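A short write-up of the structure that comes next.
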Amino acid sequence: MSKPILIPILGDQLTRSLASLKGRSKDESVILMMEVWDEATYVKHHKQKIALIFSAMRHFAVDLRDAGWTVDYTFLTDEENAHSFTGEVARAVERHDPSAIHITEASEWRVQQAIDQWQDKFACEVRVLPDDRFICSIGQFRDWAEGRKTLRMENFYQEMRKQTGLLMDDGKPAGGQWNYDKENRKPPKDGLKAPPRPRSEPDEITAEVIALVEDKFADHFGDLDTLKWPVTAAQAETAAEAFFNERLPEFGAYQDAMVHGQDDLFHSMLSTSINLGLLDPMELCQRAEREYREGNAPLNSVEGFIRQIIGWREYVRGFYWFHMPDLESTNALNAQRALPDFYWTGKTDMRCMADAIRSTKQNAHSHHIQRLMLLGNFALLAGINPRDVQDWFLVVYADAFEWVELPNVAAMALYADGGKLASKPYAASANYINKMSDYCKGCKYSASTKTGEGACPFNALYWHFMDRHRDTLESNHRIGRIYSNWDRMGEERQADYIESADRFLETLEPAKKGWARYQDQ
Ligand code: FAD
Ligand code: DLZ
C-alpha cells in the first residue's frame, strides 16, 4: 500500500456508511479505533455505559475486518495507551505515515475542539467531514436559528417534516395536524404492562469487556450484570423489529405514562443504538411511517415517534452546537443547591424518585418522562445547581453523550438557559405525577396533602419555586396566570407552603464527593 488514509472512528460512529468511509477504498485506508482513558474517565460513567461502548466498538472492528477493512484497534489496557484521542492518533501517524487523516466530525464539542488542533499537529492533511447521519447539519440549524427571537422545536420540526417528506400528504401533514401531542398523554390504567423487549445476552467479547470494567472502574455508579443493550447492528435491528411489531401501536398513547417497576413501558429503548450508530434514525422514521401507512400503528404513535427523532433529537443537537460552549455554564435561575445524595443512593421515601433511580442504576436508563418530570422536575423545583445535575445525567445513562444530554438537562429540564429552548419551565406538583403514574398509591407521602407532615414534597416545592422566581416567570404567558392562584391563597397559606418546602429542603443531604468525577475525590 502507498501511504494510506488514516480514518479514526470514534466510539459513537459505529456505522458502516459513516461519512469518512464513504467512497474510500479498502486498499488505501487504515481505520483507527481507540479505547482511551480520557474518554472513559472524564466523568465516572455508569459501568454499563463503558461496557456498552467498548463492546460495541470491539464488535464493530470485527465487522469492519470481516468486510475487508484494515482496522488498527488500540485497547485501553495497551501499555503504550496514550490516554487521549490526539495521543492515539499521533501514535498511529508514527505507525502508518498516512497521506491524510479523514474523520467524521465529533458529536461532542469537547472532542471536536481537540480534533480542530490536529491540522497544526500533524504534517498530513486533516479532513473533517460533516456527520450526515443527522438530518439537519450544524450549519443548516445555524441558518435556521440565527436572527430568530425564539427557537421552538415545533417550528423546526415542521421544517424537518417538509424536508424529509415524512408523514406528508401533498405538502400537508398526514391527518391534517403536525403534532398529536395531546394524544400522547393517556394516564396508565391499572396493571398496564408492555411486552418484554428482547435482551442481548453477553457473548465472549462483551464478557471480556465486563471483566475489564469490573477491574478498572469498580467504583463507578451502576449495576453491570444487568447489561443487555444491543452491541451490534444486528442486535439493534432485532430490538427495533420488536419495537415496531409489539410496542409502537401503544407508544403514542402511553408516551407520558409512568408505572412502578415497568421500566420500558412502550418506549423503543433504541436511544443507545441510535446514538452509537448501530441504527439509522432516518430509516427508523421511514419504517414507523410504513407501519402507519399499512394500518399497523395509529398516527398518534407514529407521529409521536417521528417527532422525537426528527423533531427533538435533531433540534437538541442543533441547539447544542448553536449554544456551545456557553450552554455548559448557563444558570439563568441562579440555582445553587448541591445535588442530594439520594440521586446516587436511591434512598428516598418519594416512591417515584426511588423507582426512577433504581431503574437508572439497574439499566443505565429511565424513560423520558421519568427524566423530565421526576428527576429533572425535582432538581428544577429544589434549585439544584445545573453543573451537578448535568454531571449526574451525563454519568448515569447509557445513551448520555453531551450533545444530547446537556440541552435536555440544562435547557429543557432546568430552564437554566432562561427559556431559549422551552417556552416555560417543565415544573409540576404531585398532581401531575399522580395523574400520569401509579407511584402515589403506594407512597409514604400523600399527593393530595399540600403541606406539612406526610405531604408530597413536590407540592410545597412547586410553590416555593414559583414564588422565588416570580419576577422571572410572572410575565411568561404560558405560566404567569398561576400567580393569581397563589395570590388567592392568602399570606398564611403561602407561608405554610414556603415553610413546608424549606423544612424539606433542609433534610436533603448533599451528595458525597467523588460520584461523578475523579477530581472531586
Ligand atoms: P423513546 O421514547 O422510544 O423515543 C424514541 C427516540 O427519540 C429515542 O430513542 C431518542 O433517540 C429520541 N428522543 C426522544 N426524546 C428525545 C429528546 N428529548 N432529545 C433527544 N432525543 C430524543 N436522550 C439521549 O439519547 N441521551 C441523553 O443523555 C438524554 N438525556 C436526557 C436528559 C433529560 C433531563 C431528558 C428530559 C431527556 C433526555 N434524553 C436523552 C431524551 C430521552 O429521554 C431519551 O432519548 C429516551 O428516554 C431514550 O429512551 P427510548 O429510546 O426508549 O426513547
Ligand atoms: C463515552 C466514551 C467512552 C467511555 N470511551 C470511549 C473510548 O474509549 N473511545 C471512543 O472512541 N469513544 C469513547 N466514548 C465516547 C466519547 O467520549 C465521545 O462521546 C465520542 O467520541 C463523541 O464525541
Number of positions in the range 223-267 that are small (Gly, Ala, Ser) and in contact (Cβ under 8 Å) with a residue 60 or more places away in the chain: 5
Count of residues meeting criterion [within 16 Å of ligand 2 (Cβ to nearest atom), touching a helix residue (DSSP H, G or I) at 6+ places or on another chain (Cβ under 8 Å) and not aromatic (Phe, Trp, Tyr)] in the range 362-394: 4
Test: residue 492 is surrounded by fewer than 15 Cβ atoms within 10 Å (Cβ to Cβ), modelled with pLDDT of 95 or more and over 29 Å from residue 183 (Cα atoms): yes
Selection count, the range 281-313, where residues are part of a loop (DSSP other than H, G, I, E, B) and within 21 Å of residue 256 (Cα to Cα): 2
Residue identified as in a loop (DSSP other than H, G, I, E, B), surrounded by 15 or more Cβ atoms within 10 Å (Cβ to Cβ), among the aliphatic types (A, V, I, L, M) and assigned by TED's automatic domain parsing to the domain that holds residue 377 among 460, 428: 428
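Please pick out the residue among 450, 513 that is charged (D, E, K, R), assigned to a loop (DSSP other than H, G, I, E, B) and at pLDDT 95 or above.
Answer to the selection: 450.
Listed residues 133, 148, 110, 197; which is free of Cβ contacts under 8 Å to residues at least 40 places away in the same chain and either within 16 Å of ligand 1 (Cβ to nearest atom) or part of a loop (DSSP other than H, G, I, E, B) (or both)? Explain how you work it out, then say what you get.
On the way: 133 fails: free of Cβ contacts under 8 Å to residues at least 40 places away in the same chain; 110 fails: free of Cβ contacts under 8 Å to residues at least 40 places away in the same chain; 197 fails: free of Cβ contacts under 8 Å to residues at least 40 places away in the same chain.
None of the others qualify; the one that does is 148.
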Failed item in (1) among the hydrophobic types (A, V, I, L, M, F, W, C); (2) over 27 Å from residue 321 (Cα atoms); (3) surrounded by 18 or more Cβ atoms within 10 Å (Cβ to Cβ), with residue 123 passing the rest: (3)
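So if I check each of 7, 53, 31, 103, which one is of a type in the set (Val, Ile, Thr), buried (at least 16 other Cβ atoms within 10 Å of the Cβ) and either more than 26 Å from residue 279 (Cα to Cα) or within 16 Å of ligand 1 (Cβ to nearest atom) (or both)? Outline the logic, then answer.
Details: 7 fails: either more than 26 Å from residue 279 (Cα to Cα) or within 16 Å of ligand 1 (Cβ to nearest atom) (or both); 31 fails: either more than 26 Å from residue 279 (Cα to Cα) or within 16 Å of ligand 1 (Cβ to nearest atom) (or both); 103 fails: either more than 26 Å from residue 279 (Cα to Cα) or within 16 Å of ligand 1 (Cβ to nearest atom) (or both).
Residue meeting the stated conditions: 53.
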Any hit, the range 349-359, residues being touching a residue at least 12 places away in the same chain (Cβ under 8 Å), outside the structural domain of residue 260 (by TED's automatic domain parsing), under 26 Å from residue 519 (Cβ atoms) and touching a Lys or Arg at 6+ places or on another chain (Cβ under 8 Å): no
Among (1) surrounded by fewer than 21 Cβ atoms within 10 Å (Cβ to Cβ); (2) among the charged types (D, E, K, R); (3) assigned to a helix (DSSP H, G or I), the one test that residue 371 misses: (1)
Unique match (being at pLDDT 95 or above, surrounded by fewer than 16 Cβ atoms within 10 Å (Cβ to Cβ) and in contact with a helix residue (DSSP H, G or I) (Cβ under 8 Å, 6 or more places away or on another chain)) among 89, 111, 62, 71: 62
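One line per residue, one yes/no per condition, for (1) near ligand 2 (Cβ under 9 Å from one of its atoms); (2) part of a helix (DSSP H, G or I):
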| position | (1), (2) |
| --- | --- |
| 2 | no, no |
| 19 | no, no |
| 30 | no, no |
| 38 | yes, yes |
| 51 | no, yes |
| 58 | no, yes |
| 64 | no, yes |
| 68 | no, no |
| 72 | no, no |
Which numbered condition residue 175 fails, given (1) under 16 Å from residue 421 (Cβ atoms); (2) more than 25 Å from the chain's Cα centre (by Cα); (3) touching a residue at least 40 places away in the same chain (Cβ under 8 Å): (1)
All positions within the range 260-313 that are within 16 Å of ligand 2 (Cβ to nearest atom), of a type outside the set (A, V, I, L, M) and within 17 Å of residue 247 (Cβ to Cβ): 271, 272, 273
Residue in the range 37-45 that is away from ligand 1 (no atom under 16 Å from the Cβ), free of Cβ contacts under 8 Å to residues at least 60 places away in the same chain and either in the same structural domain as residue 13 (by TED's automatic domain parsing) or within 17 Å of residue 401 (Cα to Cα) (or both) present: yes
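The values are calculated or read from the model by the stated rules, or taken from the named source; none is laboratory data. Please read all numbers here as calculations on a predicted model, not as lab measurements. All Cβ positions, glycine included, derive from the backbone under ideal geometry; neighbour counts span all protein chains shown.
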